[in-house]
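Reviewing the structure listed below.
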């Protein structure tokens with residue numbers, strides 16, 4: 001029931017694929033079967049269906065089908081893809097940052113290395129936010145208050161303790177030279193409820209997805225104290241980055257596609273090639289804009305090194321916080 | 001039937017004890033260092049409700065039987081007729097449901113649903129086979145078309161063999 | 001405001017928009033009847049179509065029709081086959097299904113339709129008049145108040161704690177809370193009580209438990225006892241008539257719950273589910289001792305209360321969505337996504353920048369309610385007649401829909417096996433007269449209770465919130481009062497008898 005706003009936001013996407021491309025012969029890949037490790041209507045679901053829609057409408061892929069397989073917070077689908085690898089060469093599974101975090105804490109026995117990494121396609125930055133009446137006007141104010149008395153600063157987030165939003169808050173505090181383990185993190189079960197708590201002044205600040213915060217920041221209801229991108233994001237230029245405020249921390253919540261282990265290289269390259277071409281099509285631009293996604297393209301080997309780097313960062317942080 | 005009430009209370013008591021052991025001992029040992037600073041721990045609520053659970057289930061086991069109010073309650077089971085119930089049919093259909101679940105993926109949605117509807121109706125005593133088959137087929141197909149073609153919700157429709165032949 | 005009304009009416013009343021609202025209502029009602037497809041998934045499915053329309057007002061009118069249709073469709077499956085597809089209609093089946101079993105399906109559906117209509121209408125009027133003011137109310141509730149609200153909601157369990165049943169009802173509620181602690185919650189890092197089984201990490205799904213506790217045991221009972229399938233007084237089943245006496249009984253309930261439901265709906269952390277349970281608890285405790293006995297066994301008050309409240313709450317949830325841009329439920333979160341995709345940014349500026357959309361939405365919700373009532377009243381006799389399908393055909397299809405409810409869009413067989421196991425256990429519990437609704441109430445409210453309690457405790461570093469936040473204290477006192485009100489009343493009545 002408690003859908004994260006971020007996921008829902010991404011979910012508002014085309015379900016209909018009636019107008020499948022007419023010129024099938026021109027397609028580079030005949031068909032893709034998307035495996036979605038969560039239920040219909042979630043964020044993974046929206047990403048897969050949106051990508052499939054753009055690929056088929058642009059004529060890059062002949063047809064697309066979508067299979068939801070929920071269970072074990074995504075672990076069931078990963079297990080299924082690995083166990084039935086040989087019969088699933090036509091399958092692409094969508095996944096995102098939690099695959100790294102969840103395999104680190106051992107929620108499922110596999111990790112991303114057990115799969116063929118196709119490409120990271122989109123992403124969202126994280127943001128530290130505060131209500132419009134909050135005494136904090138930039139991240140330095142928050143750090144100062146935190147350094148004076150860590151227990152006086154409560155930071156809300158939309159994920160569990162040790163989840164993405166908590167890690168981002170701790171990472172930013174660590175970059176500011178403060179003790180990340182003392183962060184008073186208050187988890188909320190949905191992004192909408194976190195936003196309500198921030199406007200109501202129940203928590204001092206929040207750690208959430210950038211795209212979720214933009215709307216309320218534009219309306220003047222909220223202040224974005226910092227965003228975790230390396231440069232300012234075009235969608236909302238007013239939001240300062242952590243880096244420019246002098247705190248060396250960046251974070252991307254990526255979404256991308258994986259294939260079965262042992263996939264022949266030519267097939268994997270074909271998938272990578274159609275995804276790369278997708279970015280230049282107007283069909284993709286329409287889907288992307290509708291969902292407010294940010295293009296963050298990491299094909300093949302870049303994806304591997306990106307994931308390994310993210311895993312290192314998260315692992316050392318989680319060890320410090322005592323989750324590992 | 002009053003015995004059944006006590007047996008169930010006993011089973012619940014066992015569940016509560018296992019639950020209590022897990023929350024008092026196992027979860028306590030597995031708490032993360034981070035969590036020790038929190039006011040409410042993952043096992044705080046479980047501890048409380050497991051104690052309540054044990055107390056109430058003990059009470060249910062030990063209490064004297066009371067006369068139960070006779071009323072026209074539609075949600076209760078009419079125990080006057082309990083000896084004439086079709087237990088065999090019910091068990092057969094429960095078994096059929098398990099079979100159906102296990103067949104959904106390998107056999108595919110359409111065929112397994114038709115077979116499930118057909119055989120459960122058969123167990124209930126339906127013998128007009130042709131009418132039955134037509135109804136099962138139409139019902140399944142409508143639902144599948146609605147889900148797959150209109151709503152875009154995927155369910156593997158055919159067995160593996162046919163699926164590979166089609167594609 | 002009158003200007004707003006004018007703007008809204010001109011935006012909503014075009015031929016095209018009327019076609020939109022009618023088709024939205026029909027689609028919503030039909031798909032909403034399938035357990036497992038609630039308003040949220042149906043709206044998610046309809047969004048691409050709505051967006052392709054292009055005009056925000058028409059798109060929202062279509063979606064509002066779908067929303068109300070889906071809620072009504074959900075009530076239908078709760079009443080007819082005891083299969084509540086969304087948490088908001090669980091309380092509907094408490095009394096709706098017993099009424100249907102007693103051969104009054106037509107009447108139950110009519111009461112549901114009319115209560116929903118009035119609840120939705122009142123909601124739209126309140127939204128129209130007070131939306132900007134109410135947004136402040138929405139923000140005055142913190143986790144500690146939500147915690148107190150959940151305590152209040154749990155008092156609905158009392159309805160199933162009749163003579164000699166108190167301990168059993170509590171036992172079931174505790175089992176429900178225990179089930180809710182299985183798997184991951186928002187609060188804690190590690191999943192709990194999974195016994196190392198990966199599938200339990202996501203916990204027990206709501207639909208799975210609702211089907212296992214309500215729909216499946218009922219279907220199994222229908223198989224077991226051939227006498228039960230014989231619907232009593234079959235000729236009355238499609239009779240819609242509500243007598244004047246009945247109307248008088250439910251009128252105050254509907255009026256009260258329209259307001260109460262709406263205000264609960266305004267709170268982003270509460271929503272239709274809490275509103276329906278609270279309405280049930282409050283109405284039962286306000287009812288006379290005689291009427292109280294009827295609750296859970298086919299009380300028309302017990303049916304009208306949650307049906308009014310959940311619709312009013314759905315309308316109420318538009319307050320934080322439109323005035324603050326904050327979605328209080330999964331459904332409104334999806335609607336927010338749709339609005340943004342249509343280049344409408346809900347928030348405090350919406351009323352100033354796009355008044356025609358703000359008022360258009362409100363008028364369209366009102367329109368959706370009317371159209372739904374007009375469309376469905378003539379259909380009710382036919383819907384009710386579904387129950388007269390021969391049992392050899394009816395039961396297999398009930399089982400089929402029950403199973404599909406937790407399989408559609410999930411494709412997870414383990415969940416289905418769990419459903420069958422829990423359903424089998426629930427049937428045995430039913431034999432020993434253990435009431436099942438408290439289990440589901442405990443399951444739904446238990447996790448919300450724990451979440452809000454833990455948040456409040458962590459923010460205040462202890463129980464400080466009880467005295468530091470007066471509203472929490474008042475709500476907690478109110479719930480204690482509500483729980484003991486029936487006892488106090490009967491005590492007083494007894495004393496009065498002695499005096500005479």
Nearest-5 percent of antiparallel DSSP beta bridges in chain A? 60
Could you give the distance between the Cα centres of the range C:4-42 and the range C:46-101, to the whole Å? 11
Give me the tail of P(r) for chain A as a percent: Cα-Cα pairs with distance above 31 Å. 31
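Under the classification rounded if a/c is under 1.5, otherwise prolate if a/b is larger than b/c and oblate if not, where does the range A:40-101 fall, given a ≥ b ≥ c as square roots of the Cα gyration tensor eigenvalues?
The shape class here is oblate.
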Å³ per residue enclosed by the Cα convex hull of the range B:87-166: 95
Suppose only helical runs count, i.e. DSSP H with n ≥ 4. What mean residue ellipticity at 222 nm does that imply for chain A under -39500 (n - 2.57) per run, divided by all residues and rounded to the nearest 500 deg cm²/dmol? -11500 deg cm²/dmol
How far apart, in nanometres, would the label points at residue C:490 and residue A:238 be if each is projected 7 angstrom from Cα along the Cα-to-Cβ direction? 6.1
Each label sits 7 Å from Cα toward the beta-carbon; between residue C:23 and residue A:280 the label points are separated, in nm, by 3.8
Checked the range B:2-65 against the a/c 1.5 cut and the a/b vs b/c comparison, axes a ≥ b ≥ c from its Cα gyration tensor; verdict prolate
Simple SL model, points at 7 angstrom along Cα→Cβ for residue A:149 and residue B:145; separation in nm is 6.9
If you wrap a convex hull around the alpha carbons of chain B, what volume per residue comes out, as a whole number of Å³? 263
Per 10 Å bin from zero, what fraction in whole % of the C-alpha pairs of the protein assembly as shown is there, up to the bin with the longest pair? 2, 11, 21, 26, 22, 13, 4, 1, 0, 0
For C:455, A:102, B:105, ascending order of other Cβ atoms within 10 Å (fewest first) is B:105, A:102, C:455
Value at 222 nm in deg cm²/dmol, rounded to 500, when DSSP H runs of n ≥ 4 in chain C each add -39,500 (n - 2.57): -24500 deg cm²/dmol
Over chain B: helical MRE at 222 nm, DSSP H runs n ≥ 4 each giving -39500 (n - 2.57), nearest 500: -20000 deg cm²/dmol
Can you compute the FRET efficiency between residue B:63 and residue B:102 using 1/(1 + (r/R0)^6), with r the Cβ-Cβ distance and R0 = 56 Å? Round to the nearest 0.05. 0.85
If all Cα-Cα distances of the range C:268-337 are sorted into 10 Å bins from 0 onward, what percent lands in each bin, rounded to whole numbers? 22, 40, 23, 14, 2
Would you order C:171, C:40 from fewest to most other beta-carbon atoms within 10 Å of each residue's own beta-carbon? C:40, C:171
Could you list B:136, C:314, B:103 in order of exposure, starting from the residue whose Cβ has the fewest other Cβ atoms within 10 Å? B:103, B:136, C:314
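At a Förster radius of 35 Å, what calculated FRET efficiency corresponds to the Cβ-Cβ distance of residue B:87 and residue C:385, to the nearest 0.05?
The pair residue B:87/residue C:385 has a calculated efficiency of 0.70.
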Based on the alpha-carbon gyration tensor of the range A:124-251 and its eigenvalue square roots a ≥ b ≥ c, which shape applies: rounded if a/c is under 1.5, prolate if not and a/b is larger than b/c, or oblate? rounded
If R0 is 35 Å, what FRET efficiency do you get for residue C:52 and residue C:240 from their C-beta distance, rounded to 0.05? 0.40
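All of the numbers you see were taken from the coordinates with simple rules; none came from a lab. Remember, predicted model here, so these are calculated numbers, not experimental data. Methodologically, a virtual Cβ is constructed for each residue, glycine included, from the backbone with ideal geometry; neighbour enumeration extends over all protein chains shown.
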